[in-house]
Amino acid sequence: MLSSMDEMSIGAKKINETGSVLGEMSESMKESISEISGQIDEFEV
């Protein structure tokens, strides 16, 4: 039973880490999209 709880704890930790990485990637993509959008706006004179 203890090993099952340890496995669940490890799994939960991995899920949290994955969520953090996905959040960082999402923020980075938002910044890139905003930057590209600004460049497109400058191009359409």
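The values are calculated or read from the model by the stated rules, or taken from the named source; none is laboratory data. The model shown is predicted, which means the values in this text are computed figures rather than measured ones. Cβ sites come from the backbone with ideal geometry, for glycine too, and all protein chains shown count toward neighbours. Only protein heavy atoms, including side chains, enter the accessible area calculation; ligands, DNA and RNA are left aside. Shrake-Rupley method; radii C 1.70, N 1.55, O 1.52, S 1.80 Å.
Of note:
- In a DSSP loop and with at most 11 other Cβ atoms within 10 Å, the GluC sites (Glu not before Pro) in the chain are Glu44.
- In order through the stretch 18-24: 3J(HN,Hα) via Karplus (6.51 cos²θ - 1.76 cosθ + 1.60), integer Hz, x for Gly, Pro: 4, x, 5, 5, 5, x, 5
- Met25, Met1, ranked by accessible area, largest first (probe 1.4 Å): Met1, Met25
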